[in-house]
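S.K.: Encoded as structure tokens, here's the structure I'll be asking about.
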Amino acid sequence: MSMQELYFNIDNGYLEGLVRGFKGGILKRADYANLVQCETLEDLKLHLASTDYGNFLANEPSPLTVNVIDDKLKEKMVIEFQHMRNHAVEPLCTFMDFITYSYMIDNIVLLITGTLHQRPISELITKCHPLGSFEQMEAIHVAATPAELYNAILIDTPLAPFFVDCISEQDLDELNIEIIRNTLYKAYLEAFYDFCSQLGGTTSEFMCKALEFEADRRAFIITINSFGTELTKDDRSKLYPRCGKLHPDGLAALARADDYDQVRAVAEYYAEYKPLFEGAGNNPGDKTLEDKFFEHEVELNVNAFMQQFHFGVFYAYIKLKEQECRNIVWIAECVAQRHRTKIDNYIPIL
Amino acid sequence: MSLYWYGGHSGFIFLVLVLVGVYYALSGQGYRFDFGWFLTETSPYMWANLGVGLTISLSVVGAAWGIFTTGSSIIGGGVKAPRIRTKNLISIIFCEAVAIYGIIMAIVMLQIIEPFEADSATTQVRRANYMAGYSLFGAGLTVGMCNLFCGFCVGIVGSGAALADAQNPNLFVKVLIVEIFASVIGLFGVIVGIIQTSKITMGNKAK
């Protein structure tokens, strides 16, 4: 009896209309064409003022730096997200919380690393992503031993379930921080996937596809990045999220891979991933594999807006806004450094 | 509420009914399930007034459903695209039309209802009154259910129209055509209902 179209608008109609309005403000190709022609960052600021961003840089002291632009772009996205999150009820609010958990994982790893290197808390807090902030961020810094750190994280953060299942107290002490990050992310992705499948309907149709791609992309990236490091194949295969299309055969093959060509051979078996590997390369004219992955992700996320009455639009909006931030920062860097050869390497969204 | 919950409860109720039926059949009391007795003993007024009630209430539920579905999308879309606010009130008007059909039919139907003397009625009068009762119930169901689904449909399409209009103003008229087709189905219900109630009369002079 889940005729979502009939019941969706009771709780979520206003927010869906709002997020589609926000999506209409995402920069189009014409806007990017304008931005690429800027000579200085002040020009960039002027061009951005005529888009949905408006005068967001108005109060910044000159000279502008790319970091400031990046922060303000993120701030706008965070304000929009928080506004929608404040208006949401179940199950949308749990869904939106899941979206923020990935930023929380990055923040926690940042704080743990900073604590271990004795950095001051104020410096660390400013580096954290605002979407992933939670109340007890300061508590992590106060912890003196790994045991206290573990307890602080376990009790106070919403990420506790992801810690409990896979990381024990000794692990925090011994394991490399990157392994902790990837283990947490794996647990988070699988939990998000289960939550979306259980929601059913169009939401699960779209979200499961998006999360499967995310899981497979992480598997590929982890494999490629682990060549030449001391990560064993067993440890590597423990980091692969199991909710993607590659599970179980592709992941087993990836676990055995020794170099880039073998990874590419695994991708040949999957119709969606074969073209991503084909065009990629490290030569000057090619796109990198990361770029192809981003392009594919943008394609998937734009499709979320083709259907009504599902939660996927909120997830897709955040991902598209992130890509837009990356694009603008890339263009800004090229402009600031006056190195315009690769300025067209942004990924157009609409 | 999962499918298992629904399946379990309805299976249980079905089992109880089957057991009661089997008990009656096997103990020679099958004659007690007399549908004809039920139809002749219940008053035609019950059927008639149920029909009137169904007309207005189901139509109003359909209209209300459509209005909130469309209205929340108009409000959401109107934040970033304020120009859609006035034009999209047409969708709300289509939904409201569904409720108007319901109340018109209800008034037409309840004008027909008249008391009659059950004891001194001839067979012809009795037959006419019973037919009127059943017809009014049928018409009520027709109009009510048609308007209910019409309201659902107009609401969902209206919501799509508002959000499409917010992105691209050229789309509004195209989606409105779909909405017009959606609202016609409520009209079909009213037409059939009118025909169903056109030849009936109630009261002591009924034919």
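S.K.: Find the accessible area per residue for the range A:200-303; the probe is 1.4 Å, ligands and nucleic acids are left out, and the unit is Å². Write out the running numbers ahead of the final one.
M.R.: On the way: 5070 Å² over 104 residues.
I get 49 Å² per residue for this part.
S.K.: Mind checking which lysines have their Cα closer than 21 Å to the Cα of A:Lys321? Skip sequence neighbours fewer than 8 apart in that chain.
M.R.: Within the straight-line cut-off, A:Lys321 pairs with A:Lys23, A:Lys28, A:Lys45, A:Lys72, A:Lys74, A:Lys76, A:Lys127, A:Lys209, A:Lys292, B:Lys80.
S.K.: Right, something else. Report the A-B buried area as the accessible area lost on both sides summed, probe 1.4 Å, in Å² to the nearest 100.
M.R.: On the way: alone 17140 and 12410 Å², together 28100 Å².
In total, this chain pair buries about 1400 Å².
S.K.: How much accessible area per residue does chain B have, in Å², with a 1.4 Å probe?
M.R.: Details: 11670 Å² over 207 residues.
Per residue, chain B has 56 Å² of solvent-accessible surface.
S.K.: So what's the net charge close to B:Ser73: Lys and Arg +1, Asp and Glu -1, counting the other residues with Cβ under 11 Å from its Cβ? Please report the intermediate quantities before stating the final value.
M.R.: On the way: positive: A:Arg20; negative: A:Glu16, B:Asp165.
Result for the neighbourhood of B:Ser73: -1.
S.K.: For the peptides A:268-277, A:210-219, A:318-327, what is the packing order when you average, over each peptide's residues, the other Cβ atoms within 10 Å and list the highest mean first?
M.R.: Final packing ranking: A:210-219, A:318-327, A:268-277.
S.K.: Determine the dipole magnitude for the protein assembly as shown: charges of +1 sit on the beta-carbon of Lys and Arg, -1 on that of Asp and Glu, nothing else is charged, the reference point is the Cα centre, and the result goes in debye to the nearest 20. Display every interim value, and only then the final one.
M.R.: Working: 43 positive and 61 negative charges, 507 e Å.
In total the dipole reaches around 2440 debye.
S.K.: Moving on. How large a share of the accessible area of chain A, in percent, is made up of carbon and sulfur atoms when the probe is 1.4 Å and the other protein chains stay in place? Present the calculation step by step, with values, prior to reporting the outcome.
M.R.: Working: 8240 of 16430 Å².
Carbon and sulfur: 50 percent of the exposed surface of chain A.
S.K.: Taking each residue of A:16-26 in turn, how many C-beta atoms of other protein chains fall within 10 Å of its C-beta, and what is the average?
M.R.: Values: counts 6, 15, 6, 2, 11, 11, 2, 2, 7, 1, 0.
Whole-number average of other-chain Cβ neighbours for A:16-26 is 6.
S.K.: Separation of the range A:12-75 and the range B:54-107 by C-alpha centroid, Å?
M.R.: 37 Å
S.K.: Something else: Given charges of +1 on the Cβ of Lys and Arg and -1 on the Cβ of Asp and Glu, with all other atoms neutral, how large is the dipole of the range A:196-283 about its Cα centre, in debye to the nearest 20? Don't skip to the answer; put the middle values down first.
M.R.: Working: 11 positive and 14 negative charges, 38 e Å.
Value, rounded to 20: 180 debye.
S.K.: Continuing with the same structure: Leaving out ligands, DNA and RNA, what percent of the accessible area of chain B is carbon and sulfur, probe 1.4 Å? Show your work: numbers first, answer last.
M.R.: Values: 8630 of 11670 Å².
The C+S portion of the solvent-accessible surface of chain B is 74 percent.
S.K.: Among A:122-129, B:131-138, how do they line up by average Cβ neighbours within 10 Å per residue, starting with the highest?
M.R.: Working: A:122-129: 13.5, B:131-138: 21.6.
Final packing ranking: B:131-138, A:122-129.
S.K.: Once the whole set of protein chains is in place, how much accessible area is left on A:Lys72, using a 1.4 Å probe, in Å² to the nearest 10?
M.R.: 50 Å²
S.K.: Further question on the same structure: Could you tell me which residue out of A:Ala265, A:Ile121, A:Asn9 lies farthest along the dipole of the protein assembly as shown toward its positive end? Charges go on the beta carbon: Lys and Arg +1, Asp and Glu -1, centred on the Cα centre.
M.R.: Working it through, the farthest residue towards the positive pole turns out to be A:Asn9.
S.K.: Report the Cα centroid-to-centroid distance between the range A:252-279 and the range A:79-112 in angstrom, as an integer.
M.R.: One Cα centre to the other: 33 Å.
S.K.: Taking square-rooted eigenvalues a ≥ b ≥ c of the alpha carbon gyration tensor, is chain A rounded, prolate or oblate, where a/c under 1.5 means rounded and, failing that, a/b exceeding b/c means prolate?
M.R.: rounded
S.K.: HN-Hα J couplings of the range A:83-97 from phi, Karplus 6.51/-1.76/1.60, θ = phi - 60°, integer Hz, Gly and Pro as x?
M.R.: 4, 5, 5, 5, 8, 7, 10, 4, x, 5, 5, 5, 4, 5, 4
S.K.: Continuing with this model, one more query. So who's got an amide H within less than 5 Å of the one on A:Lys287, skipping anything under 5 residues away but keeping other chains? H placed 1.01 Å off N, in plane.
M.R.: It is A:Gly281, by chain and number.
S.K.: Provide the gained length on full extension for the span B:Ala25 to B:Lys205, in nm with one decimal, where the gain is 0.36 nm per separating residue minus the Cα-Cα distance.
M.R.: Stretched fully, the B:Ala25-B:Lys205 segment lengthens by 60.5 nm.
S.K.: Counting only complete DSSP H runs, which helices of chain B cover 24 Å or more along their long axis at the Cα atoms and score a mean Kyte-Doolittle of 1.0 or above? If you can, show how the numbers build up before the last one.
M.R.: Details: long enough: B:3-26 (34 Å, 1.50); B:44-80 (56 Å, 0.96); B:89-112 (35 Å, 2.38); B:123-167 (66 Å, 0.74); B:171-196 (39 Å, 2.34).
Length and hydropathy pass: B:3-26, B:89-112, B:171-196.
The values are calculated or read from the model by the stated rules, or taken from the named source; none is laboratory data. If you're wondering where the values come from, they're calculated on a predicted model, not measured in any experiment. Every residue, glycine among them, receives a Cβ derived from its backbone with ideal geometry; neighbour counts consider all protein chains shown. Keep in mind that these areas ignore ligands, DNA and RNA; they rest on the heavy atoms of the full protein, side chains included. Shrake-Rupley method; radii C 1.70, N 1.55, O 1.52, S 1.80 Å.
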